[in-house]
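Student: Quick one: structure below, then a few questions.
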Amino acid sequence: MAGKRDDFTEKTKRILGYRAGNRCSNPHCRVPTHGPSNEGPDKINNIGNAAHITAAAPGPGARRYNRALKPEQRRSITNGIWLCTSCATLIDNDDKTYTVALLNEWKKKAEDQAKREQGKKLPGEHDAINTLVAAASGQTAVFLPNLMSNASKATSGYLEGLDQRFIVETSFHKGITHHIIHPKDPVDVKFKIKSDFSREFGSKYKALVEQGKKLVIDSSAVELRGSALLEKIAEDCEGTFELHSLLKKDAVIRTWLVSPDEKSKVNFYDLPGSAVAGTKSMTATSRALGGLLSMGISFSVDNFLTPIGG
Ligand SMILES: [Zn+2]
């Protein structure tokens, strides 16, 4: 009988497919194997295969061939497994990985799963995204427009939970998360400047106190203590640490065109901006026309006027 293949009957193949729910039995695959073919209203496209667990015939390409089996055992449904075309090729190129025991285990799992799923609704195409939306927004309905605002609320709520002395506003803009943190009452927070940055911080702090100039330093320079919230933000964020003068006010720099004899004077442009004050000087800065015009004027305490740019 050598060379004769013990093939499955068409009925055996069909039953193997149905018992696996017409899906590949490889637990890592499970693709549906049947669909319609556009060749005709009665045509199907089947990418499933009734594969032999132990080979249908001996020979060079045979895998897991068992000479002890009788032909009727070899073509019996118990020697078959329903697989998609690519998984059928996979198991017929490697009998070290895909052993008889493993294939019997796949078959059992696939039939158990088909039994559990029978009559139940399969996940829809949008179910995964709906689940994600529900998890992020707390809403079960598909309502994406609220997703970002709910994520902001959730982030603020989490951060406020770290230190209830603060109100946190969170917003997303151009890919950057902004947190604005307002203390409800005066809060005693200590920050320590790491020694590598002490010289840079020293000169910038002096400019803040004396001229009201905004202090900007890399956030890795600063260690915050006294609030779990601020410590968390300092630890998780890369960016800058800023200190602003409380004496900052909106200001307008008004410019004039004056004739050489000073007889005629025309208002040239009003540049909206801001003014900050320190203990030794006050600085007004403005930008207009998309940055084409910018101006800064610094007034020292003895009324000496020093333009700092234009
Ligand atoms: Zn497969």
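So that you can scan it fast, the table gives a plain yes or no per residue for (1) exposed (fewer than 15 other Cβ atoms within 10 Å of the Cβ); (2) within 16 Å of the ligand (Cβ to nearest atom); (3) assigned by TED's automatic domain parsing to the domain that holds residue 107; (4) at pLDDT below 95:
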site: 16; (1), (2), (3), (4): no, yes, yes, no
site: 39; (1), (2), (3), (4): yes, no, yes, no
site: 50; (1), (2), (3), (4): no, yes, yes, no
site: 57; (1), (2), (3), (4): no, no, yes, yes
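Student: Please go through the range 20-37 and pick out each residue that is open to solvent by 40 Å² or more (accessible area, probe 1.4 Å) and either outside the structural domain of residue 90 (by TED's automatic domain parsing) or more than 15 Å from the ligand (Cβ to nearest atom) (or both).
Tutor: Listed by number, the list holds a single entry, 36.
Student: How many of the residues in the range 104-124 are more than 36 Å from the chain's Cα centre (by Cα) and touching a residue at least 60 places away in the same chain (Cβ under 8 Å)?
Tutor: 2
Student: Let me ask something additional. Scan the range 66-98 residue by residue and report those that are under 18 Å from residue 49 (Cα atoms) and more than 16 Å from the ligand (Cβ to nearest atom). Steps first, please.
Tutor: First pass over the range 66-98, keeping only residues under 18 Å from residue 49 (Cα atoms): 74-95, 98.
The answer is 74, 75, 76, 77, 78, 79, 95.
Student: Also, quick follow-up: Restricting the first residue to the range 79-95 and requiring it to be more than 18 Å from residue 30 (Cβ to Cβ) and charged (D, E, K, R), which pairs with a second residue that is at pLDDT below 95 and open to solvent by 50 Å² or more (accessible area, probe 1.4 Å) meet a Cβ separation below 6 Å and a spacing of at least six or different chains?
Tutor: 92/63; 95/63
Student: Say whether the condition of being within 28 Å of residue 34 (Cβ to Cβ), modelled with pLDDT under 85 and open to solvent by 50 Å² or more (accessible area, probe 1.4 Å) is met by at least one residue in the range 129-149. Spell out the reasoning first.
Tutor: Pass one, the range 129-149, residues within 28 Å of residue 34 (Cβ to Cβ): 129-131.
Add one more test, that the residue is modelled with pLDDT under 85, and what stays is 129-131.
Filter once more, keeping what is open to solvent by 50 Å² or more (accessible area, probe 1.4 Å): 129, 131.
Yes, there is a match, as at least one residue in the range 129-149 is within 28 Å of residue 34 (Cβ to Cβ), modelled with pLDDT under 85 and open to solvent by 50 Å² or more (accessible area, probe 1.4 Å).
Student: Another one. Identify, by number, the condition in (1) modelled with pLDDT under 80; (2) open to solvent by less than 30 Å² (accessible area, probe 1.4 Å) that residue 190 doesn't meet.
Tutor: (2) is the only condition that residue 190 fails.
Student: Could we say that residue 12 is surrounded by 11 or more Cβ atoms within 10 Å (Cβ to Cβ), away from the ligand (no atom under 16 Å from the Cβ) and touching a residue at least 24 places away in the same chain (Cβ under 8 Å) here? Can you show your working first?
Tutor: On the way: surrounded by 11 or more Cβ atoms within 10 Å (Cβ to Cβ): yes; away from the ligand (no atom under 16 Å from the Cβ): yes; touching a residue at least 24 places away in the same chain (Cβ under 8 Å): yes.
So residue 12 passes the test.
Student: Which of (1) within 16 Å of the ligand (Cβ to nearest atom); (2) under 16 Å from residue 20 (Cα atoms); (3) open to solvent by less than 90 Å² (accessible area, probe 1.4 Å) does residue 117 not meet, given it meets every other one?
Tutor: (1)
Student: Sticking with this structure for a sec: Hand me the list of strands (runs of 3 or more DSSP E) wholly inside the range 165-207 holding 3 or more residues that are over 14 Å from residue 226 (Cβ atoms). So that I can check it myself, show each step before the final result.
Tutor: On the way: elements: 166-173, 176-183, 190-193.
Fully inside the range 165-207 and qualifying: 166-173, 176-183.
The values are calculated or read from the model by the stated rules, or taken from the named source; none is laboratory data. All values derive from a computational prediction rather than experimental measurement. Please note: Cβ atoms are built from the backbone with ideal geometry, for glycine as well, and neighbour counts cover all protein chains shown. These accessible areas exclude ligands, DNA and RNA; they are computed on the full protein's heavy atoms, side chains included. Shrake-Rupley method; radii C 1.70, N 1.55, O 1.52, S 1.80 Å.
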